[in-house]
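Asker: Sharing a structure here in structure tokens format.
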Amino acid sequence: MKIVISVLGRDRVGIIAMVSTVLAENGVNILNLDQTILDGFFNMIMTADMAQAKISLKDLQEILRSKGETFGLEIRAQHADIFQVMHRV
Amino acid sequence: MIELQDILETNRMIKEQNLDVRTITMGISLRDCADPELEAFCRKIYEKITRTAEHLVKVGEDIEAEYGIPIINKRISVTPIAIAAEACRTDSYVAVAEALDHAAKTVGVNFIGGFSALVQKGFTKGDLVLLNSIPEALARTERVCSSVNLASTSSGINMDCVARMGEIVKQTAHLTKDRDAIGCAKLVIFANAVEDNPFMAGAFHGVGEAEACINVGVSGPGVVMRAIEQVRGADLGVVAETIKKTAFKITRVGQLVAQEASRRLNVPFGIVDLSLAPTPAIGDSVAAILEEMGLESAGAPGTTAALALLNDAVKKGGLMASSHVGGLSGAFIPVSEDAGMIAAVERGALTLEKLEAMTCVCSVGLDMIAVPGDTSAATISAIIADEAAIGVINNKTTAVRLIPVPGKTVGDSVVFGGLLGHAPVMAVSKFRPDVFIARGGRIPAPIRSLTN
């Protein structure tokens, strides 16, 4: 299953390191990463593959959410299909 | 490869513009539950519903979490009870409504639809028992929704039932008067009812449907409004194009959720309903879309034209996004459930008569409208007859969900809470239709029904 992880919040040192550590620890493989600063806010979109993941998407969402909170970030992990179907005919 | 902008746009729609899937509705046939003993019938339907829909709520919640798209309601529709319960030796189906309510609570759905009768051409014994049971059934249950189809393009209008429904609406209001007549919010009176509608209170599982199916209703007035904000000043052709593109995106999400729910529940996918359904939340209003198009207020001259454009563009955009489209598929204009509609009524811009005109060009009808408690049964019947005529002649679904609130009059307000919202009591014509309604009989099917 492919997932999209979106990270939004104030920029600071170590955001990408934190997110990728969580993914590496849980066997989630990063496929693509797109990051930009929009209106002073850190915006990052990661596409990742959960084929070898050691945990469920629900558990991953919870870990990312609580880690994100300590960084002052909003982190969402979603099944990638919702974006595919909406923007591709 | 998914673009950053696309992901941000989708998540903005969900977080800021109230994009959601309004309902996953599981249709369940109860035709195999017939039994001469009422108690046995109730036991059979309870068992069948709770068995078939056991995982519905859990699957809905899982999809919601995994895809990050809110799924507001999980619901059930069943075979019209007047048909399913007809073999029972009884003169009341109130116990059946209680069994449905119990089943809904057990599986955790917030509404169950199908306490219904299809009487467009006449009544069977079961139909009459059902009609007589409606007021008490709605007063004694919390989650059961009732509907009656009393007209169709191919059959005409059953005016005996029209007359009866005025009385039933009044009785239902009376029996739930301590709760602002909320029973009437769960009773829909249709012309040309559809068999696969996922939206309450009018959902039932039609007799032509499969054993069970999954129907999904999408939403997204907030998303449409935000999209046409981006084309301010452009001509109406551009507005229509913008709505079409937005409707496509909204509907694709509905299709995805429907397919996924169908796969996980191992129940066939039925249809996606393209209706634009508002909620009382700010920014989730159909009226606000009409105003964004350039009307000072919903209800102003031009409202019917703007609504026609909106309704048509939503269908054209949604059609290609789904493999099977059905249900009601049109913009809803429930007054109490739409903050913009409520405001339009309160500022005196929107009347019952203008709403009636609007129902000619969209689904579904005079929906969630509070009227004075002293409105007579005959007047309610006559309003039902007018709506039915619009549906029958225009070959479309129309419905009436009026709430005559005991003890309240124009200027008062009624609060139902939750998705049902609140409603200002609207004025009704004082001129009497009593003699017309008392005639009864059938209004014949119109010439346009003879298409063979």
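Asker: Regarding region A:1-24, can at least one residue be identified that is closer than 27 Å to B:GLU61 by Cα, surrounded by 12 or more Cβ atoms within 10 Å (Cβ to Cβ) and of a type in the set (Lys, Arg)?
Answerer: yes
Asker: Next up: Quick one: B:GLY60 ticks every box in (1) assigned to a loop (DSSP other than H, G, I, E, B); (2) buried (at least 20 other Cβ atoms within 10 Å of the Cβ) except a single one, so which number is it?
Answerer: (1)
Asker: Scan region B:32-60 and report the pairs whose first residue is over 21 Å from B:ASN73 (Cβ atoms) and whose second residue is hydroxyl-bearing (Ser, Thr, Tyr) and not in a helix (DSSP H, G or I), with Cβ atoms within less than 6 Å and a gap of 6+ or a chain change.
Answerer: Going by the 6 Å Cβ cut-off, the qualifying pairs are B:LEU38/B:THR90.
Asker: Would you mind finding the one in B:VAL435, B:VAL428, B:VAL400, B:VAL392 that is among the β-branched types (Val, Ile, Thr), assigned to a loop (DSSP other than H, G, I, E, B) and over 20 Å from B:ALA339 (Cβ atoms)? Spell out the reasoning first.
Answerer: Details: B:VAL435 fails: assigned to a loop (DSSP other than H, G, I, E, B); B:VAL400 fails: assigned to a loop (DSSP other than H, G, I, E, B); B:VAL392 fails: assigned to a loop (DSSP other than H, G, I, E, B).
After applying the criteria, what remains is B:VAL428.
Asker: What is the number of the single condition among (1) assigned to a loop (DSSP other than H, G, I, E, B); (2) farther than 16 Å from B:SER29 by Cβ; (3) of a type in the set (Asp, Glu) that B:GLU209 does not meet?
Answerer: B:GLU209 satisfies every listed condition except (2).
Asker: Confirm whether A:ILE3 is within 14 Å of another protein chain (Cβ to nearest Cβ), at pLDDT 95 or above and assigned to a strand (DSSP E or B). Don't jump to the end; show me each part of the working.
Answerer: Working: within 14 Å of another protein chain (Cβ to nearest Cβ): yes; at pLDDT 95 or above: yes; assigned to a strand (DSSP E or B): yes.
For A:ILE3, the condition - within 14 Å of another protein chain (Cβ to nearest Cβ), at pLDDT 95 or above and assigned to a strand (DSSP E or B) - is met.
Asker: Identify, from the list B:GLY302, B:GLY233, B:GLY283, the residue that is surrounded by fewer than 20 Cβ atoms within 10 Å (Cβ to Cβ), in contact (Cβ under 8 Å) with a residue 60 or more places away in the chain, out of contact with any strand residue (DSSP E or B) (no Cβ under 7 Å at 6 or more places or on another chain) and on the phi > 0 side of the Ramachandran plot.
Answerer: Working: B:GLY302 fails: in contact (Cβ under 8 Å) with a residue 60 or more places away in the chain; B:GLY233 fails: in contact (Cβ under 8 Å) with a residue 60 or more places away in the chain.
None of the other options fit; the residue is B:GLY283.
Asker: Looking at (1) buried (at least 22 other Cβ atoms within 10 Å of the Cβ); (2) modelled with pLDDT of 95 or more; (3) in a helix (DSSP H, G or I), which is the one condition that is false for B:PHE204?
Answerer: The number of the failed condition is (3).
Asker: Search region A:72-89 for residues being more than 7 Å from chain B (Cβ to nearest Cβ) and without any contact (Cβ under 8 Å) to a residue 24 or more places away in the chain, and hand back the single one that is surrounded by the fewest Cβ atoms within 10 Å (Cβ to Cβ). Let's see the steps before the verdict.
Answerer: Start the filter on region A:72-89 by keeping residues that are more than 7 Å from chain B (Cβ to nearest Cβ), which leaves A:72-75, A:77, A:88-89.
Among the residues that remain, those that are also without any contact (Cβ under 8 Å) to a residue 24 or more places away in the chain are: A:88-89.
Values: A:ARG88: 10, A:VAL89: 7.
Among residues in region A:72-89 that are more than 7 Å from chain B (Cβ to nearest Cβ) and without any contact (Cβ under 8 Å) to a residue 24 or more places away in the chain, the one surrounded by the fewest Cβ atoms within 10 Å (Cβ to Cβ) is A:VAL89.
Asker: Right, next: Can you tell me which residues in region B:1-26 are facing chain A (nearest Cβ under 9 Å) and buried (at least 24 other Cβ atoms within 10 Å of the Cβ)?
Answerer: Those that are facing chain A (nearest Cβ under 9 Å) and buried (at least 24 other Cβ atoms within 10 Å of the Cβ): B:ILE7, B:THR10.
Asker: Sort through B:ALA240, B:ALA210, B:ALA193 and tell me the only one that's crowded, with 24+ Cβ neighbours inside 10 Å and not hydroxyl-bearing (Ser, Thr, Tyr). Walk me through how you get there before you give the answer.
Answerer: Numbers: B:ALA240 fails: crowded, with 24+ Cβ neighbours inside 10 Å; B:ALA210 fails: crowded, with 24+ Cβ neighbours inside 10 Å.
Testing whether each residue is crowded, with 24+ Cβ neighbours inside 10 Å and not hydroxyl-bearing (Ser, Thr, Tyr) leaves just B:ALA193.
Matching residues to (1) of a type in the set (Asp, Glu); (2) within 15 Å of B:LEU30 (Cα to Cα); (3) touching a His at 6+ places or on another chain (Cβ under 8 Å); (4) in the same structural domain as B:ARG140 (by TED's automatic domain parsing):
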position: B:ALA85; (1), (2), (3), (4): no, yes, no, yes
position: B:ARG89; (1), (2), (3), (4): no, no, no, yes
position: B:VAL96; (1), (2), (3), (4): no, yes, no, yes
position: B:LEU100; (1), (2), (3), (4): no, yes, no, yes
position: B:THR106; (1), (2), (3), (4): no, no, no, yes
position: B:ILE112; (1), (2), (3), (4): no, yes, no, yes
position: B:GLN120; (1), (2), (3), (4): no, no, no, yes
position: B:PHE123; (1), (2), (3), (4): no, no, no, yes
position: B:ASP127; (1), (2), (3), (4): yes, no, no, yes
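Asker: Suppose the filter is within 10 Å of the chain's Cα centre (by Cα) and surrounded by fewer than 16 Cβ atoms within 10 Å (Cβ to Cβ); does A:LEU33 pass it? Explain how you work it out, then say what you get.
Answerer: Working: within 10 Å of the chain's Cα centre (by Cα): yes; surrounded by fewer than 16 Cβ atoms within 10 Å (Cβ to Cβ): yes.
Here the answer is yes, as A:LEU33 does meet what is asked.
The values are calculated or read from the model by the stated rules, or taken from the named source; none is laboratory data. Worth saying up front: this structure is predicted, and the values here are computed from it rather than measured. Here the Cβ is made from the backbone with ideal geometry for all residues, glycine too, and neighbour counts use every protein chain on show.
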